[in-house]
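To keep things clear, I will list the structure first and then write my remarks on it.
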Amino acid sequence: MNDDKINENNSEENVPKICRRKFLNTMGNTATGIVLLGGLGVTLDFLKPNVILEIPKEFKVGPIDSIQPNSVIYEPEQKAFVVRDEQGSFYALSAVCTHLGCTTKWNASGIGGNPKAIISCPCHGSLFNKKGELIQGPAQRGLDKFRLRLEDNQLVVNTSEIVSDEEMILKT
Ligand code: FES
């Protein structure tokens, strides 16, 4: 009977004692820390600018006298070709393929032995002529044409306004 009592006392001495107050303090501090970290995360997220920078729908090219006839200017930000034809007139085409939206490329000398295939899509091989008309699919239609106007001797291209073939040419 006495031996049991002694063993019991020995085992209790080996266990580190944590008082109730210390345990509750530790738990309280831990919970407070978690709440503060969560609050800090939300605050930082709130302070971070949540702005999506939009590409301007209009852009200027020019002065027009500096653009040679029979030349093309590629605007990478708006993905647009601005063309001055042999007669000196201007038009602007979207460089975005009407199949699945890849960016097309301008190849002045033609593609695959076809001198009329000036614009090509690297994704699935659609071909367009220099006016953006479809030569070969899988695209089902030609490239979009943008509205152009003249302002202070500069071309203003409006990518939000798609025009017909008849409206696309700006004569100077
Ligand atoms: S995205 Fe241009 S051919 Fe498919």
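If we only count strands (runs of 3 or more DSSP E) wholly inside the range 66-113, which ones have 1 or more residues that are within 16 Å of the ligand (Cβ to nearest atom)?
Numbers: elements: 71-75, 80-84, 90-94.
Qualifying strands (runs of 3 or more DSSP E): 80-84, 90-94.
Got a number for residues in the range 94-141 being more than 18 Å from Ala80 (Cα to Cα) and touching a residue at least 40 places away in the same chain (Cβ under 8 Å)?
We begin by selecting, within the range 94-141, every residue more than 18 Å from Ala80 (Cα to Cα); these are 109-116, 124-125, 135-138, 140.
Going one step further and asking which of them are touching a residue at least 40 places away in the same chain (Cβ under 8 Å), we end up with 140.
The total comes to 1.
Which ones in the range 117-145 are part of a loop (DSSP other than H, G, I, E, B), within 21 Å of Ile73 (Cβ to Cβ) and more than 8 Å from the ligand (Cβ to nearest atom)?
Here is the first cut: in the range 117-145, the residues part of a loop (DSSP other than H, G, I, E, B) are 117-118, 121-126, 129-133, 137-144.
When the remaining residues are screened for being within 21 Å of Ile73 (Cβ to Cβ), the result is 117-118, 121-122, 129-133, 142-144.
Once the filter is applied, which keeps residues that are part of a loop (DSSP other than H, G, I, E, B), within 21 Å of Ile73 (Cβ to Cβ) and more than 8 Å from the ligand (Cβ to nearest atom), the range 117-145 yields Ala117, Ile118, Asn129, Lys130, Lys131, Gly132, Glu133, Gly142, Leu143, Asp144.
Does Lys60 qualify as being of a type in the set (Lys, Arg), exposed (fewer than 15 other Cβ atoms within 10 Å of the Cβ) and free of Cβ contacts under 8 Å to residues at least 24 places away in the same chain? Quick ask: steps written out before the conclusion?
Numbers: of a type in the set (Lys, Arg): yes; exposed (fewer than 15 other Cβ atoms within 10 Å of the Cβ): yes; free of Cβ contacts under 8 Å to residues at least 24 places away in the same chain: no.
Considered against the rule, which asks whether it is of a type in the set (Lys, Arg), exposed (fewer than 15 other Cβ atoms within 10 Å of the Cβ) and free of Cβ contacts under 8 Å to residues at least 24 places away in the same chain, Lys60 comes out as no.
Among Leu143, Leu155, which is over 25 Å from Ser66 (Cα atoms) and touching a Lys or Arg at 6+ places or on another chain (Cβ under 9 Å)?
Leu143
Within the range 71-109, take every residue that is more than 21 Å from the chain's Cα centre (by Cα) and acidic (Asp, Glu) and give me the one that is farthest from Glu58 (Cα to Cα).
Glu86
Going by the structure shown, is Ser126 of a type in the set (S, T, N, Q) and crowded, with 20+ Cβ neighbours inside 10 Å?
On the way: of a type in the set (S, T, N, Q): yes; crowded, with 20+ Cβ neighbours inside 10 Å: yes.
Considered against the rule, which asks whether it is of a type in the set (S, T, N, Q) and crowded, with 20+ Cβ neighbours inside 10 Å, Ser126 comes out as yes.
Which of the residues spanning the range 40-65 are outside any loop (DSSP other than H, G, I, E, B) and either within 18 Å of Asn158 (Cα to Cα) or in contact with a strand residue (DSSP E or B) (Cβ under 9 Å, 6 or more places away or on another chain) (or both)? Let's see the steps before the verdict.
Taking the range 40-65 as the starting set, the residues that turn out to be outside any loop (DSSP other than H, G, I, E, B) are 40-47, 58-61, 64-65.
Those that are outside any loop (DSSP other than H, G, I, E, B) and either within 18 Å of Asn158 (Cα to Cα) or in contact with a strand residue (DSSP E or B) (Cβ under 9 Å, 6 or more places away or on another chain) (or both): Glu58, Phe59, Lys60, Val61, Ile64.
Rule-based calculations on the coordinates, nothing more; no lab input. On a predicted model such as this, the values are computed, not experimentally measured, just so you know. Backbone-built Cβ (ideal geometry, glycine too); neighbour counts: all protein chains shown.
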